[in-house]
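In what follows, a structure is listed as structure tokens, so that the remarks can point back to it.
Quick note: the coordinates plus some simple rules give every number you see, no bench work behind them. The structure presented is a predicted model; accordingly, all values stated were derived computationally and were not measured. Cβ placement follows ideal geometry from the backbone for every residue including glycine, while neighbour counts extend to all protein chains displayed.
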Amino acid sequence: MSVLIKGGRIVTAADDYVGDVFVDGERISLLGESLDVTADTVVDATGKLVLPGLVDPHTHLDMPFGGTTTIDDVTSGHTAAAFGGTTCHVDFCIQAHGQTFAEALGDWHAKRDGKAIIDMGFHIAVTDLSEPGRLEELATLPAQGITSYKLFMAYKGALMVDDETLFRTMEVAANTGALVMVHAENGDAIDVLVKEALAAGNTAPHFHALTRPPETEGEATNRAIQLARVAGAPLYVVHVSCKESVEPIQLAREKGWDVWGETCTQYFFVDYSFLERPNFEGAKYVYTPPPRAKENQDVLWNAVRTDTLSAISTDHCAFLWDGQKTLGKDDFSKIPNGGPGLENRLQMIHEFGARTGRISLNRMVELLATNPAKLFGLYPRKGTIAVGSDADIVVFDPEKKVTISAKTQHSKVDYNLYEGTEVTGTPETVLLRGQVLVDGDELVAEPGIGQFVRRAKFGEELRGARVELTA
Ligand code: URP
Ligand code: ZN
Ligand code: ZN
């Protein structure tokens, strides 16, 4: 099968030109002006943007959490992702206490077997190194294409690890070519604040934010940075939400340390006041870190513009408002933490980032596709439009007006964080490895088409270790 995408404005992290893309099989094989080739399928992209398929480095599909399981499984999550222009993601495989990593990976592979519509990889979330042999097993994972270790510094009594586990994992990463990812919040202090709030009878959703002040995020971010420095491991801080954690990342990067940070779409648009919405509606915005005071939104835009933060993910972790979030009707600490967003990342960042001029189109592509691909060992197969790259391509209509709504979304969740937001610009056609996934309003692909991606070790592409040069 061959596909010719004709006359679109091709935008990558580095380029912006009008041209044609010729796809032969699964890869891009030719780029140029007015290509003189015949193809099985021709897509007229005149007036459209032609973007690399987006890469989401942070999602939670079919994940048991907070006494329930996220509502989007691999198929519904991938459908939402595909309509949003995301063609590859890296999900969290969570090690249950006592489990080997092989057992955890077996469980997570079973969730995707025959169900995947886009390509995906796994980060391993380390929760328990207490059994003999775990550190040694952890060291074998990068060679299997699992090249990032995730640690939760919060969620005490559930996913949280102590500093010894964090530090030992960092030491392994320093030797195996894995990138360490941290959920940076001080889980011990938060646990005390939550107990105190409940004892005082403060049970409403907005106490979720009041018991997780930004300083607890800043402290943990700084602690992780300093420990990673001692261990010699590269560090990626997930879902940065506020000035208190942007600042230590900025400082570390100014010093040239191997530290990167990500924020998520929702932190630009949802602020603390959403948690105070009446009739338990505030529960829709109970995710962690919580929505912050509005002034943090400008801090985050500035951070993504200046490369203090290098990626925007969704942290898609969807729970029904009616039936799952309501588990915490009388106690905010029992509201499952997480929010949806896999489908709307490109629409929202294009509208409020690129169209307003806060960031360029090139930077938008870099934040949503190229940098996640580079940091997580997927580049240049994913994250760009280049000869030899996978033909993961989004033909994006920059003029089409859409009103975002739960009524028209593809996720199974019963609300949308951006309900009623009007955007101009939306994906029109989405290809995965040369096959059309989305054609207008229609999902063309069948579950099973998505593949598992074995990722390269950290820095192999970034530092050129895989690039062969000849005279
Ligand atoms: O509230 C959130 N973010 N839920 C997902 C788990 C995590 O902390 O990323
Ligand atoms: Zn987290
Ligand atoms: Zn998450």
> So for 181, 170, fewest C-beta neighbours within 10 Å to most, what's the order?
Replying inline: 170, 181
> Using the 10 angstrom Cβ neighbour count as an exposure proxy, how do 397, 307 rank, fewest first?
Replying inline: 307, 397
> With labels modelled as points extended 7 Å from the Cα through the Cβ direction, what inter-label distance (nm, one decimal) is found for residue 16 paired with residue 139?
Replying inline: 4.8 nm
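Where the only charges are on Cβ atoms (+1 Lys, Arg; -1 Asp, Glu), what is the dipole of segment 1-75 about its Cα centre, to the nearest 20 debye? The partial results should precede the final answer.
On the way: 4 positive and 13 negative charges, 31 e Å.
Taking the Cα centre of segment 1-75 as origin, the dipole is about 160 debye.
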> Counting pairs of alpha carbon atoms under 8 Å apart in space and at least six apart in sequence, what relative contact order in percent does the chain give?
Replying inline: 22 percent
> Setting aside same-chain residues fewer than 8 positions from residue 111, which aspartates and glutamates have a Cα under 15 Å from its Cα?
Replying inline: 62, 72, 73, 91, 103, 119
>> Students often forget the sequence filter, so: which lysines lie under 17 Å Cα-Cα from residue 407 once same-chain residues fewer than 8 apart are removed?
In response: 284
>> Given the -39500 (n - 2.57) contribution per DSSP H run of 4+ residues, what per-residue ellipticity at 222 nm results for the chain, rounded to the nearest 500 deg cm²/dmol?
In response: -7000 deg cm²/dmol
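What is the local net charge at residue 346, summed over the other residues whose Cβ is closer than 14 Å to its Cβ (Lys, Arg +1; Asp, Glu -1)? Display every interim value, and only then the final one.
Details: positive: 48, 345, 355, 363, 400; negative: 56, 343, 351, 366, 392, 397, 428.
My count for the surroundings of residue 346 gives -2.
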>> Could you work out the relative contact order of segment 333-471? I mean the mean sequence separation of Cα pairs under 8 Å and 6+ apart, divided by the number of residues, in percent.
In response: 23 percent
> Looking only at GluC sites (Glu not before Pro) in DSSP loops with at most 12 other Cβ atoms within 10 Å, what is the longest site-free stretch of the chain?
Replying inline: 34-294
> To the nearest Å, what is the center-to-center distance of segment 150-217 and segment 288-352, using C-alpha atoms only?
Replying inline: 17 Å
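What full-extension length gain, to one decimal in nm, is calculated for residue 307 and residue 403 as 0.36 nm per residue of separation minus the Cα-Cα distance?
On the way: separation 96, 0.36 × 96 = 34.56 nm, distance 3.01 nm.
Roughly 31.5 nm would be gained on extension.
Would you mind calculating the relative contact order of segment 18-95 from Cα pairs under 8 angstrom and at least 6 residues apart, reporting the percent as a whole number? Walk me through the intermediate numbers first.
Values: 70 pairs, mean separation 19.8, N = 78.
Dividing the mean separation by the residue count of segment 18-95 yields 25 percent.
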> What whole number of Å gives the distance from the Cα centroid of segment 48-85 to the Cα centroid of segment 406-452?
Replying inline: 10 Å
> Quick one: which of 115/382; 150/457; 325/412; 115/374; 294/374 span more than 23 angstrom between C-alpha atoms?
Replying inline: 115/374; 294/374
> Summing +1 for each Lys or Arg and -1 for each Asp or Glu, what net charge is found among the other residues whose Cβ lies under 9 Å from the Cβ of residue 235?
Replying inline: 0
